[in-house]
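Novice: Following this message is one structure expressed as structure tokens.
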Amino acid sequence: MTSTVTLSAAVSRMLHDKLYEKRKIAALEIEKLVKSYAKENCHNEISNVIEILRVEYILSQNINSRKGGLIALAACTIALGSQDAKVHIPGLLKPVIACTTDPDSRMRYFACESLYNTVKVARSDTLIFFNELFDALSKLSSDPDQNVRAGSELLDRLIKDVVTETPSFDATILVEIMRNKLYTKKQYTRKFLVSWLICLVSIPYIDIIVYLPDLIDPLFLILGDTNMEIQSTCQQILSELIQKIKNNPEKTDFPKMTNLIVVHSQSSDNLIKETALKWLVEFIQLAKSVILPFASGILSAILPTLAYDDFSNSIWETAKKANHCLMLLITNEYDVRENMEKNE
């Protein structure tokens with residue numbers, strides 16, 4: 001280190017201590033130090049303190065030192081406040097995000113706690129590291145340690161709040177990250193991801209319909225999850241999405257989604273099958289002639305279902321309705337063309 005900034009011997013010793021109480025006292029001293037630097041607008045000195053904490057503590061082989069580094073970095077953020085923390089976000093966040101993969105579960109927990117404190121202070125300024133934060137949260141959501149998962153859930157809720165209150169947030173970033181992750185079969189991760197979809201759907205400034213072609217296929221697969229909570233949440237999302245499509249059919253890219261829905265309407269899972277058939281009914285009624293190029297595929301999905309003997313079955317009823325709507329559309333389209341030819 002070339003910096004003239006140093007931590008006192010007492011503070012340094014307590015940050016290395018195995019007792020949390022002593023590390024906490026040291027963090028409070030660092031908070032006072034950083035506050036004094038911020039008051040004098042001495043940002044170089046603040047950067048040097050952060051670098052000392054990264055190199056001498058976060059990167060230490062001693063686990064107690066790493067824990068001390070985490071609590072001290074959070075103390076730096078608290079000392080800086082929302083206004084001054086902005087210029088130091090990389091130094092405050094990146095070392096802590098790296099600690100979320102530490103082999104020690106207590107380190108991962110303290111990393112969640114440190115990130116929570118930083119995000120709580122800096123709010124939207126932390127979103128420049130949204131990709132890294134989301135990736136860390138995705139892994140932490142399926143952490144084998146229950147305390148770590150609980151800590152990550154608190155952080156997750158906070159970041160959702162920050163995203164919701166930040167109209168400048170680019171949802172494309174999130175959809176790009178989620179697109180492949182949604183195909184996971186890990187239940188904890190699925191639960192995490194569908195909770196983010198619920199968040200996305202609920203945010204007024206995000207036009208979720210634009211992103212549907214990237215989300216529909218994995219969403220229908222998740223609908224078949226054996227976990228009832230995940231299944232129920234997925235049903236809720238799909239219900240809200242189809243309502244948004246009905247409200248804004250002109251924004252919906254029906255051609256990109258129809259074949260995907262046709263595939264899921266042939267699923268061996270009855271819930272997936274019936275839900276997909278219901279979507280087909282809506283697509284036929286809303287997209288009209290746009291859907292006609294997919295008519296043969298739709299019929300190949302509907303007809304085997306209509307062959308069921310159980311006419312009271314709700315799946316059979318939905319397939320019957322889809323078939324009726326499609327035949328009506330084809331007939332109407334034929335009549336329109338015939339009239340046009342006569343007029344010519």
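Novice: Is there a residue in the range 69-85 that is without any contact (Cβ under 8 Å) to a residue 40 or more places away in the chain and surrounded by fewer than 17 Cβ atoms within 10 Å (Cβ to Cβ)? Talk me through it step by step, then tell me what you get.
Specialist: First pass over the range 69-85, keeping only residues without any contact (Cβ under 8 Å) to a residue 40 or more places away in the chain: 83.
Keeping just the survivors that are surrounded by fewer than 17 Cβ atoms within 10 Å (Cβ to Cβ) gives 83.
Yes, because at least one residue in the range 69-85 is without any contact (Cβ under 8 Å) to a residue 40 or more places away in the chain and surrounded by fewer than 17 Cβ atoms within 10 Å (Cβ to Cβ).
Novice: Output the number of the condition that Lys24 fails; it satisfies all remaining conditions of (1) open to solvent by 50 Å² or more (accessible area, probe 1.4 Å); (2) assigned to a helix (DSSP H, G or I); (3) farther than 19 Å from Ala111 by Cβ.
Specialist: All conditions are met except number (3).
Novice: Another question, if that's okay. Given the conditions (1) more than 22 Å from Ala74 (Cα to Cα); (2) of a type in the set (A, V, I, L, M, F, W, C); (3) surrounded by fewer than 19 Cβ atoms within 10 Å (Cβ to Cβ), which single one is not true for Ala150?
Specialist: Status for Ala150: all satisfied but (1).
Novice: If only one of Ile71, Ile89, Ile177 is at pLDDT below 95 and either among the β-branched types (Val, Ile, Thr) or closer than 23 Å to Met14 by Cβ (or both), which one is it? Break it down stepwise before answering.
Specialist: Working: Ile71 fails: at pLDDT below 95; Ile89 fails: at pLDDT below 95.
Going through Ile71, Ile89, Ile177 in turn, just one is at pLDDT below 95 and either among the β-branched types (Val, Ile, Thr) or closer than 23 Å to Met14 by Cβ (or both): Ile177.
Novice: Among Thr318, Thr233, Thr258, Thr275, which is among the polar types (S, T, N, Q), touching a residue at least 12 places away in the same chain (Cβ under 8 Å) and in contact with a Pro (Cβ under 9 Å, 6 or more places away or on another chain)? Lay out the reasoning, then the answer.
Specialist: Values: Thr318 fails: in contact with a Pro (Cβ under 9 Å, 6 or more places away or on another chain); Thr233 fails: in contact with a Pro (Cβ under 9 Å, 6 or more places away or on another chain); Thr275 fails: in contact with a Pro (Cβ under 9 Å, 6 or more places away or on another chain).
Exactly one of Thr318, Thr233, Thr258, Thr275 is among the polar types (S, T, N, Q), touching a residue at least 12 places away in the same chain (Cβ under 8 Å) and in contact with a Pro (Cβ under 9 Å, 6 or more places away or on another chain), namely Thr258.
Novice: Picking from Tyr211, Tyr205, which residue would you name as being of a type in the set (Ser, Thr, Tyr) and touching a Pro at 6+ places or on another chain (Cβ under 8 Å)? Give the steps one after another, and end with the answer.
Specialist: Values: Tyr211 fails: touching a Pro at 6+ places or on another chain (Cβ under 8 Å).
The conditions single out Tyr205.
Novice: Can I ask one more? Residues that are of a type in the set (Ser, Thr, Tyr) and surrounded by fewer than 14 Cβ atoms within 10 Å (Cβ to Cβ): list the helices (runs of 4 or more DSSP H) wholly contained in the range 157-252 that include at least 1 such residues.
Specialist: On the way: elements: 171-181, 187-202, 212-222, 228-247.
Filter on the range 157-252 gives 171-181, 187-202, 228-247.
The values are calculated or read from the model by the stated rules, or taken from the named source; none is laboratory data. Everything quoted here is computed from the prediction, not taken from an experiment. Heads up, the Cβs are rebuilt from the backbone with ideal geometry, glycines too, and the neighbour counts pull from every protein chain shown. These area figures cover heavy atoms from the full protein model, side chains too; ligands, DNA and RNA do not enter into them. Shrake-Rupley method; radii C 1.70, N 1.55, O 1.52, S 1.80 Å.
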